[in-house]
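A short worksheet on the structure shown next.
The values are calculated or read from the model by the stated rules, or taken from the named source; none is laboratory data. Source: prediction; values computed, not measured. Note that we place each Cβ from the backbone using ideal geometry, even for glycine, and neighbour counts take in every protein chain shown.
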Amino acid sequence: MPIRNRFAELLPEIKEWRQHLHRNPEILYEVHRTAAFVAGKLRAFGVDEVVEGIGRTGVVGVIRGKGAGTKTIGLRADMDALPIHEDTGLDYASEVPGKMHACGHDGHTSMLLGAAKYLAETRNFDGNVVLIFQPAEEGGAGAKAMVDDGLIDRFGIDEVYGMHNAPGVPVGMIVTRPGPLQASADEFEIVVTGLGGHAAEPHKAVDTTLVASQIVVTLHSVVSRNVDPLHSVVLTVGTFQTDSNASNIIPQTARMRGTVRCLNPDDREKMEARVRRVVEDTASAFGATAELHWEYGYPVTVNDEDATGWAVEAARAVAIDVDDAANPIMPSEDFSYMLNERPGAYLFLGNGDSAMCHHPKYNFNDEAIPYGCSFFAEIVERRMPAR
Ligand SMILES: [Zn+2]
Ligand SMILES: [Zn+2]
């Protein structure tokens, strides 16, 4: 099935926006120029209401359709870039050293702007569309900041949809699934305190390095021995540092940091409890002490069954191919905060044979733009048909 012809016409213009944003990356909540660009475009399109500063630097636009319908659909894009130095050699490469749109949020923002232009022109739906442009997807929980700032109630959002580009998936293909799609991301820090001393006299010390190593090894039994084998959980210890730099010293403290990813929300607290037990009791067995600091991060991204059904129908109407039974992935996504508030669905849009996201040679594929825009338009018109 074809994309909307209007988006083929608009492609050169949308590409220009995308490449402008690509040249001017901003990270986390500091997306001031990006937000101003978005708000300016929305006003130029004749969007009924444009509100800036939701969740610090988020932007919201409202388009009212034909008819008196009150149903309201939220469409979400993220605006932030990453602290990576670009290495693409593109003529529109980042002009900001050390910052780059390496996750394609320049593309997501441009596609939602393209859809906004079309929807403001045609208004061929009965209800309201809320265009959500969020800051700080990359580790700053910008979606949560917008939700905490009243996004959902203030604009009366009933359902939310969003999408992310997917390197390795052919352009024109859309991939998703009902239920858990992306994992939660919780972080922990462990501080082990032994008794420092001379490396040649370990019997007079408590060897912090050995205790911490034992903790790392035992932590890897938690996923394999305490979690239902049919649930997906990842535990990774990413850093391990002691306070000694010398070969002849037994250090006093060791510090480890890591992450836990779960696809089943119920496993998150269980993981914290088991990790705490292993950390404290292993340390105690060796005569050391250990402290665990646990920080809950992005929730599991869970697609609502009905909403995913609607999204898949809309995708089938505009995409070349749709896989609605994709495997979930373990990286996390803060759109999950919006999906925890209202039913909705998140989709992956083929980015073709590109470098992976977060790689210095990654680039969003402009050929995907008409498919993404068409999906946004289609879900609105299908879910809220004009009478
Ligand atoms: Zn990313
Ligand atoms: Zn991303």
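Going by the conditions given, is residue 135 within 16 Å of ligand 1 (Cβ to nearest atom) and touching a residue at least 60 places away in the same chain (Cβ under 8 Å)?
yes
Among residues belonging to segment 46-75 that are outside any loop (DSSP other than H, G, I, E, B) and among the acidic types (Asp, Glu), point out the one that is surrounded by the most Cβ atoms within 10 Å (Cβ to Cβ).
This residue is 52.
Looking at segment 104-119, which of its residues are within 16 Å of ligand 1 (Cβ to nearest atom) and of a type in the set (S, T, N, Q)?
109
Give me the pairs, please: first residue somewhere in segment 81-98 and assigned by TED's automatic domain parsing to the domain that holds residue 365, second residue anywhere and β-branched (Val, Ile, Thr) and part of a strand (DSSP E or B), beta-carbon distance under 8 Å, and either six or more positions apart or on two chains.
Correct list of pairs: 81/27; 82/27; 83/27.
Results for (1) within 16 Å of ligand 2 (Cβ to nearest atom); (2) of a type in the set (Asp, Glu); (3) in contact with a Phe, Trp or Tyr (Cβ under 8 Å, 6 or more places away or on another chain); (4) modelled with pLDDT of 95 or more, shown as yes or no for each residue.
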{"position": "86", "(1), (2), (3), (4)": "yes, yes, no, yes"}
{"position": "91", "(1), (2), (3), (4)": "no, yes, no, yes"}
{"position": "96", "(1), (2), (3), (4)": "no, no, no, yes"}
{"position": "120", "(1), (2), (3), (4)": "no, no, yes, yes"}
{"position": "125", "(1), (2), (3), (4)": "no, no, no, yes"}
{"position": "130", "(1), (2), (3), (4)": "no, no, yes, yes"}
{"position": "144", "(1), (2), (3), (4)": "yes, no, yes, yes"}
{"position": "150", "(1), (2), (3), (4)": "no, no, no, yes"}
{"position": "157", "(1), (2), (3), (4)": "no, no, no, yes"}
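Looking only at segment 117-137, count how many residues are surrounded by fewer than 19 Cβ atoms within 10 Å (Cβ to Cβ) and under 20 Å from the mean Cα position of the chain (by Cα).
Residues flagged as surrounded by fewer than 19 Cβ atoms within 10 Å (Cβ to Cβ) and under 20 Å from the mean Cα position of the chain (by Cα) within segment 117-137 amount to 0.
Results for (1) within 16 Å of ligand 1 (Cβ to nearest atom); (2) closer than 22 Å to residue 139 by Cα, shown as yes or no for each residue.
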| position | (1), (2) |
| --- | --- |
| 13 | no, no |
| 17 | no, no |
| 34 | yes, yes |
| 50 | no, no |
| 53 | no, yes |
| 62 | no, no |
| 83 | yes, yes |
| 99 | yes, yes |
| 102 | yes, yes |
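Has segment 200-223 got at least one residue that is farther than 20 Å from residue 288 by Cα and crowded, with 17+ Cβ neighbours inside 10 Å?
yes
Are any of the residues in segment 268-285 at positive phi and in contact (Cβ under 8 Å) with a residue 40 or more places away in the chain?
no
Out of 308, 259, 242, I need the residue that is without any contact (Cβ under 8 Å) to a residue 40 or more places away in the chain, buried (at least 17 other Cβ atoms within 10 Å of the Cβ) and either away from ligand 2 (no atom under 16 Å from the Cβ) or not assigned by TED's automatic domain parsing to the domain that holds residue 157 (or both). Which one?
242
For the list (1) more than 24 Å from the chain's Cα centre (by Cα); (2) free of Cβ contacts under 8 Å to residues at least 24 places away in the same chain; (3) part of a loop (DSSP other than H, G, I, E, B), I need the number of the one condition that residue 3 fails.
Of the numbered conditions (1) more than 24 Å from the chain's Cα centre (by Cα); (2) free of Cβ contacts under 8 Å to residues at least 24 places away in the same chain; (3) part of a loop (DSSP other than H, G, I, E, B), the odd one out for residue 3 is (2).
Every residue in segment 340-361 that is surrounded by fewer than 24 Cβ atoms within 10 Å (Cβ to Cβ) and farther than 30 Å from residue 153 by Cβ, please.
352, 353, 354, 355, 356, 357, 358, 359, 360, 361
Results for (1) outside the structural domain of residue 378 (by TED's automatic domain parsing); (2) away from ligand 1 (no atom under 16 Å from the Cβ); (3) of a type outside the set (A, V, I, L, M), shown as yes or no for each residue.
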{"residue": "151", "(1), (2), (3)": "no, yes, no"}
{"residue": "160", "(1), (2), (3)": "no, yes, no"}
{"residue": "210", "(1), (2), (3)": "yes, yes, no"}
{"residue": "213", "(1), (2), (3)": "yes, yes, yes"}
